[in-house]
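The values are calculated or read from the model by the stated rules, or taken from the named source; none is laboratory data. Only a predicted model underlies this, so the values are computations on that prediction, with no experimental measurement involved. Cβ sites come from the backbone with ideal geometry, for glycine too, and all protein chains shown count toward neighbours.
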Amino acid sequence: MHTLRFEPAGAAVSAPTGALLSDVARAAGLELNMPCGGQGRCGRCAVIAHNGVGIRRRSTVRLSSADLAAGYALACQAVVEGDALITIPPQEKIERRLVTDKTVARVDLPFAYRPAQHQTVRCFELMLEPPSLADQTDDWSRLQRGLAAAGGPSTLTAHLSLLQRLGPLLRETNWQVTAIVETDTWEQPTGPARLLDLLPSADAIWGIAADIGTTTVSVYLVNLLNGEIAAKAAEYNGQIKRGEDIISRIIYAGKNSGLPELQTLVVDTLNQLIERAARRAKIEPAQIYKMTVAGNSTMIHLLLGLPPASIRLEPFVTAINQPPLLRAGELGLAIHPQAGVDCLPGVASYVGADITAGVVAAGVVDNEPLTLFLDVGTNGEMVLGNRDWLITCACSAGPAFEGAGVRDGMRATTGAIEEVWIHQQSFEPTCRVIADPRREVRGEATPPAGLCGSGLISLLAELFITGVIDKSGNLNFMLGSPRVRRGEHGPEYVVAWAGETAHGRDIVLTKVDIDNLMRAKAAIFAGFTVLAQSVGVELAAVEQVLIGGAFGQYINVEKAVQLGLLPDMPWEAFQFLGNTSLRGALLALLNREYRRQIAEAAAKMTYLELSADNSFYEAFTSALFLPHTDLERFPSVMEVMGVRSQESGVATT
């Protein structure tokens, strides 16, 4: 056994030869961010090993020669071979972007809410006749009789702990009680009702609609008596430190205790949000009796503790697409333990409940116009169709558009560059940075710390339109600009000099970063191109493009078209709908008919597996250029480049 001491925490722990340094740190109670899931790709878990003899590096990817000379090692790729002193640098903090979740959300429902008609969990105030020598009906039967007389179900089931306190409670309240009843479920409208709780009185009962995103988890706290949202809360998914994309998390889930750890992280995130929302609404979490959950297939599997390995292995099959109704107590959720937890249905490994909920929330299932629905994230999920038919697919875009896998990429938090403009003659950039509110109050500018997804899209488009890069993404060294240079990791463009940044280092976009972004945009464009081709439809026939997901809210349509990320269509054809997954979960929470529509949408969708479609590779290869190999697909981009070329006196080729 060897002794490892960790600074600045001052912790010491023993470990055997061959132990992974990241596991040893965790055993010492120390936190390390591993956004790539411990694959050695991100470099975020770098530590300093002061005794090089005690640590062996299995990989030095993401470490420069200067890093190695300073003793840096990737904790997820270093094994113990002797005693060592380890310094853990300050870990990246995950901050919410300009926190707005304190604002009570107003969502206009597409129906007039009537609990008796729409809701599966209802509240019944009962005044029961006390027993007597003339009426010796047992307490349980008496309750059911009174419930039926009040317009509720005539037969009930209940959990044992509730039966155990039934008699004393009825007598303490003088036979006047409020019954919280799950009258049915969306799929069993005539099934047995379930008594969830029995209270002396209740002025409201509550529900939670949740969206478990790969990056962000969001919840609505809703009054089930009137359908009003009392609070909204959002937080980064706690699983991020174990993988920024779903593939990284699937891989991590297969390691030792990875799966229960990931389940605990997402349950803890949900519980934090539930507690926060309940505190704002001044209620107790135990007053929440119903919960609907949307999320991609991997997120649902990890919430339920289901091994997700088969999702990424051919033939790419989930453990379950339509989970049965579960109870909050089974999952460790901090609401009423008997509350039903309804995980909405998905379609396939990479088309989950976030998409089925999204197409219903977006109205695709009700509309006649041919619609392309997109949700761009680490995966690009898309649905084509209308109220008569739906076809769907998913492509791996990777985490580049969320700032991961890019040298100076970051999440959309304070200090992130979210938009860039480049001067046509000087090639100098102008950047818009997500401001620190505290600096804004003082009239100070917020220094940039990196590039978030929208900033990367904007920057790449501007580099192309101004001729800093060509259609293959190669940097033009003939411009005479000091911002185009060769760095330690190859050709790069300097977005911000070290003296301008928050951390004192140049912020750059490297050729490797450009290639990653081009592959991501090519995968998305190829995905909906092949989707349309598979049903014999031209993209030009699409009448509207609906973009869901948080990322979609910040996409600049013009820049996304110039890249070839989105099809070249009139701007009015694009609609950015925000978090359609959460909205779909809300509709399912409040209305059994919308819950049925989500199930029907999942059943109606034809899933196209792109890995089995030979045309996808061809479409992907064609889209690996800016904006595309076939420039006639992008007439507006050709026009802009022609105008800019005339302004600069450079002829187009």
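Residue 240 fails exactly one of the following numbered conditions: (1) buried (at least 20 other Cβ atoms within 10 Å of the Cβ); (2) in contact with a Gly (Cβ under 8 Å, 6 or more places away or on another chain). What is the number of that condition? Every listed condition holds for residue 240 apart from (2). Of all residues in the stretch 258-297, those satisfying the criterion of being over 16 Å from the mean Cα position of the chain (by Cα), β-branched (Val, Ile, Thr) and either assigned to a helix (DSSP H, G or I) or not assigned by TED's automatic domain parsing to the domain that holds residue 221 (or both) are 264, 274. You will find that of 345, 323, the residue that is within 18 Å of the chain's Cα centre (by Cα) and in a loop (DSSP other than H, G, I, E, B) is 345 and no other. Quick check on the stretch 159-178. Is at least one of its residues surrounded by 21 or more Cβ atoms within 10 Å (Cβ to Cβ) and closer than 29 Å to residue 303 by Cβ? No: zero hits.
Set side by side, the residues 231, 253 differ, and just one is touching a Phe, Trp or Tyr at 6+ places or on another chain (Cβ under 8 Å) and not assigned by TED's automatic domain parsing to the domain that holds residue 580, which is 231.
A quick yes/no check of all residues on (1) under 17 Å from residue 471 (Cβ atoms); (2) modelled with pLDDT of 95 or more; (3) hydrophobic (A, V, I, L, M, F, W, C); (4) not in a helix (DSSP H, G or I):
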{"position": "586", "(1), (2), (3), (4)": "no, yes, yes, no"}
{"position": "594", "(1), (2), (3), (4)": "no, yes, no, no"}
{"position": "598", "(1), (2), (3), (4)": "no, yes, yes, no"}
{"position": "602", "(1), (2), (3), (4)": "no, yes, yes, no"}
{"position": "611", "(1), (2), (3), (4)": "no, no, no, no"}
{"position": "636", "(1), (2), (3), (4)": "yes, no, no, no"}
{"position": "644", "(1), (2), (3), (4)": "yes, no, no, no"}
{"position": "653", "(1), (2), (3), (4)": "yes, no, no, yes"}
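Of the residues examined, residue 143 is not one that is touching a Phe, Trp or Tyr at 6+ places or on another chain (Cβ under 9 Å), at pLDDT 90 or above, part of a helix (DSSP H, G or I) and hydrophobic (A, V, I, L, M, F, W, C). The set of residues in the stretch 397-423 that are loosely packed, with under 15 Cβ neighbours inside 10 Å and either closer than 14 Å to residue 501 by Cβ or in contact with a helix residue (DSSP H, G or I) (Cβ under 8 Å, 6 or more places away or on another chain) (or both) contains only 421.
Residue-level check: of (1) within 27 Å of the chain's Cα centre (by Cα); (2) in contact (Cβ under 8 Å) with a residue 60 or more places away in the chain, residue 459 misses just (2). Just one residue in the set 300, 355, 274 is buried (at least 18 other Cβ atoms within 10 Å of the Cβ), β-branched (Val, Ile, Thr), at pLDDT 95 or above and closer than 27 Å to residue 76 by Cα; that residue is 300. Tallying residues that are more than 23 Å from the chain's Cα centre (by Cα) and either surrounded by fewer than 20 Cβ atoms within 10 Å (Cβ to Cβ) or in the same structural domain as residue 297 (by TED's automatic domain parsing) (or both) within the stretch 569-602 yields 9.
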